[in-house]
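All of the numbers you see were taken from the coordinates with simple rules; none came from a lab. What you see is a predicted model; the values in this text were computed from it and never measured. We place every Cβ from the backbone using ideal geometry, glycine too, and count neighbours over all the protein chains shown.
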Amino acid sequence: MNKKSFIWLIPVLVITLAMSACGGDSGGGGAANLNFAGEQVYTKTMSPYTGADKTLTSGAGGTGSITGGKMSFSVGTPSRLVPMESFLVNMSDDFHIFSDAEFTGNTNAAELSFSPTLYKAMYSSLLPSLPIEAVRYVYVDRDCTITAAGKTVNYGVIPVTVSNLNLSLKQGWNAINSKIALTTTGSTVGGTVNIRTGDSSSCKWILE
């Protein structure tokens, strides 16, 4: 796709994002147990997964599997927690903001990460290599707040402005949602990122 064609498609993508934002989100947090049952798994092209059944393991413990293309998994208190300071520094962070964050309290944390690689996201058909929304699940052993000043970073080849980070997490499991909206000024493509608590009905489980 040439640059001119891409620019003409940007307004379509912005409209698509606005429509997807209207979907219902399950907010809140602080669940003692995280349970998923019979949720459809997809490939990165957003096609339903039809491959072999797989056993799921996670760094947080728990048990689960992908059977008949659907995922089920259950986990309570993670088997291993680390201090929040080292957790944030080592957290996979596409927008380079968590590593600069500050937090309240003497908090320990863990993230749900699967083997084989399974994560919750939504990909755009116009930008198939970049997720435009993602959900991650983080456990904290006490209520805490995570804050960081906003910044501008490169997301792939697109400069994006990340809003100030202000997450109020409750003891237990919390969903954290990251959403990017693309913008265009003349021939310049950019974007804005908002990170908040809450799940998203727009995102699907993606198996790599």
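A few remarks follow.
- With 26 Å as the limit on Cα-Cα distance, the pairs of Lys44/Lys151; Lys70/Lys151; Lys170/Lys204; Lys44/Lys179; Lys54/Lys170 that go past it are Lys44/Lys151; Lys70/Lys151; Lys54/Lys170.
- Taking the Cα centre of region 54-137 as reference, the dipole from Cβ charges on Lys and Arg (+1) and Asp and Glu (-1) amounts to some 540 debye.
- Amide hydrogen neighbours beyond the local backbone of Lys204, cut-off 5 Å, H modeled: Ala121, Met122
- Percent RCO, i.e. relative contact order, over region 3-207, from Cα pairs under 8 Å lying at least 6 residues apart: 25 percent
- Taken over the chain, the ratio of Cα radius of gyration to 2.2 N^0.38 Å equals 1.05.
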